[in-house]
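Bear in mind that the values in this text are calculations on the coordinates, not laboratory data. Note that the structure is predicted; figures quoted are calculated from it, not measured. Counting neighbours? That spans all protein chains shown, and the Cβs are built from the backbone with ideal geometry, glycine included.
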Amino acid sequence: MQLDKDTLLTGTVAAPAQTLTSTAQSTNVIDQQATRSLNRGEQLELVVQVAVAYNAAGTLKASVRSDGSNRPSTILAEGPAWTLAQGLNTIGKQFRLPLTMVPGNTGEFLDANFTIAGAPTVGAVIAWIARAGTTSHDAPVGGY
């Protein structure tokens, strides 16, 4: 899988996974003015892929936030609570959260917030913004 550093919300291109055993903000914040604008009205998705299988019952819920601060707080989209039975214990399993970036309705900065319920001691994900329907992270999003 090829990763685009400009739309990667967790880790780095070399080490993209973020350990999530408690509620946390994504490692990265996307600055749409410094990188590229995702705010073009196209249908996008937050893709959350299991990198290290979760080991305990519980849930993971993701939300995408945006505003003018580099620590966004306005929720653009919030997903359901994903469970072990839905694949949190399966490396490579992808969960998708639809996003529509409406011009003039999205702030400069984007991040993800991950809410963990339960008490996993192991688990990590890779998360990025992608065009809706893409099967990998190969297709860049937005323009420069």
Once label points are set 7 Å from the Cα along Cα→Cβ at both Ala81 and Ala14, what is their separation, rounded to one decimal in nm? 3.8 nm
Across the range 69-80, in residue order, what do the Karplus-derived ³J(HN,Hα) couplings come to in whole Hz, using 6.51 cos²θ - 1.76 cosθ + 1.60 with θ = phi - 60° and x for Gly and Pro? 9, 7, 10, x, 9, 7, 7, 8, 7, 9, x, x
